[in-house]
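Right, one structure below, let's go through it.
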Amino acid sequence: MAPPDRQVIAFLHRRAGWGLAPGELDARTNDGVSATIDRLVDPDAHGVDPAPDPWQGVDLTLPDPGTLGPNASVDQRQAARQQLRQQGLLAIEAWLDQLATTPRPLVDWMTWFWHGHFVSGLDKVKLPYLLVQQLRTFRSLALAPFPQLVKAATVDPAMLVYLDGDTSTGAQPNENYGRELLELFSLGIGNYSEDDVQAGARALTGWAVQRQAGTARFVAKRHDDAPQTYLGTNGVHDVDSVVAAVTGHPACATFITTKLAKAILGPTVAPDLVGQLTQQFTASGLDTKVLVRAILEAGAAGGGVGSVNQPVPWLVSAQRATGATFPARKRLSSLRDAGQLPLYPPNVAGWPTGTTWFGASTTVARYDMAAAMVGSVAGDNPAFVAARNFDVDALADTLGRPEGFAPATRTALAQVKGDGRAVLALALSSPDLALA
């Protein structure tokens, strides 16, 4: 059995760090649990290299506006739509590549978390540049105070398009963003009224998106500046006062703490622990960095519970451990089959969690991806070496499971002993790795 610290460090990197590359578990175990948490939460203070911008080399130039307008020919519209589809695929590929190699895994894990929390999707936004710009914002604010994140999301061009903020005027306020801000992004059902939704919608009117520039601007003549009573606060009339009322509401800290704690520690994390974490988050002024550190420390102290891996974290962790690559487009089609393609959430609530990801289609897709990956794994990769030598304990360790595989998995692996790539594919797609 691996030493307890080694298991804890592997757990932390599985839950909030995209797994571990070869040699990383040894290095972090030598550092110790406390130093590992410090390094994850505050990479600048520990000399960690900056994470590169995944999309720096991706051409996200917008089509000429005329090619999408009412006067464009059929061929022009088709060519423009094809250009945007291609850009979207390239943007996703670039992001997945970066996640598998990032030197700052917690920052990029938090970017993924916010992508599934403040949801926008290419199915409606259409312009990949706007989604990439939103992700860049989430990366820059990954561990920022929550009020900053709420404000940034509220006036983000992709969000304004996705939830119709750019068509919301004082004469005709649109309630879509105002409702989701309360229900899904900050407070949860039962902590607001329909009057609050309507008041918030009016206070948030007046924003317009300049699609070619990729910017949002406030247009005063489209705004209803009348003071509103919102969440029990009088005088709310603009973005800043909406954000202050939302993040000052007592339900906000509990809602965000619960969601983030469940994402890292597991869906059945103890209510008492959530209460303690909420108190720390509140005392910090809703500083996300303080909350995340507290959650990781709780996980290190044994506060984690069982959690099912979503397809994207599972895939990125597998690639990080093995250095595997994919044939062009195979990765994206496989993730689509598995039910989780970045930039394409199913709805404004984001992707589901839990046993949804044990469904037949996801299980089959996971094995197909594992089989596609192992052919590209280098012969000297530690995971492949362990699989080829049928050193099952070493294989589990290199795949981020130093506690070892379950007996059923070990029995299944024995059936393909002698075929290193088959052993590795089966290990990657095993129930052990389907659990985060």
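The values are calculated or read from the model by the stated rules, or taken from the named source; none is laboratory data. Since the structure is predicted, the reported quantities are computational estimates derived from the model, not experimental observations. Reconstructed Cβ throughout: ideal geometry from the backbone, glycine too, with neighbour counts over all protein chains shown. Remember, those area values only see protein heavy atoms, side chains included, never the ligands or the DNA or RNA. Shrake-Rupley method; radii C 1.70, N 1.55, O 1.52, S 1.80 Å.
Look through VAL197, VAL209 and report the one residue that is in contact with an Asp or Glu (Cβ under 6 Å, 6 or more places away or on another chain), aliphatic (A, V, I, L, M), on the phi < 0 side of the Ramachandran plot and not in a helix (DSSP H, G or I).
Details: VAL197 fails: not in a helix (DSSP H, G or I).
Of the residues listed, the single one that is in contact with an Asp or Glu (Cβ under 6 Å, 6 or more places away or on another chain), aliphatic (A, V, I, L, M), on the phi < 0 side of the Ramachandran plot and not in a helix (DSSP H, G or I) is VAL209.
Quick grid of which residues meet (1) modelled with pLDDT of 95 or more; (2) at negative phi; (3) of a type in the set (Val, Ile, Thr):
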| residue | (1), (2), (3) |
| --- | --- |
| VAL374 | yes, yes, yes |
| VAL377 | yes, yes, yes |
| ASN381 | yes, yes, no |
| PHE384 | yes, yes, no |
| PHE390 | yes, no, no |
| LEU395 | yes, yes, no |
| LEU399 | yes, yes, no |
| GLU403 | yes, yes, no |
| ALA408 | yes, yes, no |
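State all residues of segment 393-407 that are within 17 Å of LEU25 (Cα to Cα), open to solvent by 50 Å² or more (accessible area, probe 1.4 Å) and either over 27 Å from the mean Cα position of the chain (by Cα) or of a type in the set (A, V, I, L, M, F, W, C) (or both); if no residue qualifies, say none.
Across segment 393-407, the qualifying residue is only ASP393.
So which helices (runs of 4 or more DSSP H) stay within segment 139-190 end to end and still have 1 or more residues that are acidic (Asp, Glu)?
Numbers: elements: 146-154, 157-162, 176-180.
So the answer is 176-180.
Being surrounded by fewer than 16 Cβ atoms within 10 Å (Cβ to Cβ) and assigned to a helix (DSSP H, G or I) is the filter here; which residues of segment 371-392 pass it? Before you say what the answer is, go through the steps one by one.
Our first condition is that a residue be surrounded by fewer than 16 Cβ atoms within 10 Å (Cβ to Cβ); within segment 371-392, this holds for 375-376, 378-380, 389, 391.
Hits for segment 371-392: nothing passes.
What helices (runs of 4 or more DSSP H) completely inside segment 229-326 contain at least 2 residues that are over 20 Å from VAL33 (Cα atoms)? If you could, list the steps in order and put the result at the bottom.
Numbers: elements: 239-248, 250-265, 271-283, 288-298, 311-322.
Passing ranges, in order: 239-248, 250-265, 271-283, 311-322.
Which of the residues spanning segment 146-190 are touching a Pro at 6+ places or on another chain (Cβ under 9 Å) and over 20 Å from ASP123 (Cβ atoms)?
Pass one, segment 146-190, residues touching a Pro at 6+ places or on another chain (Cβ under 9 Å): 166.
Hits for segment 146-190: nothing passes.
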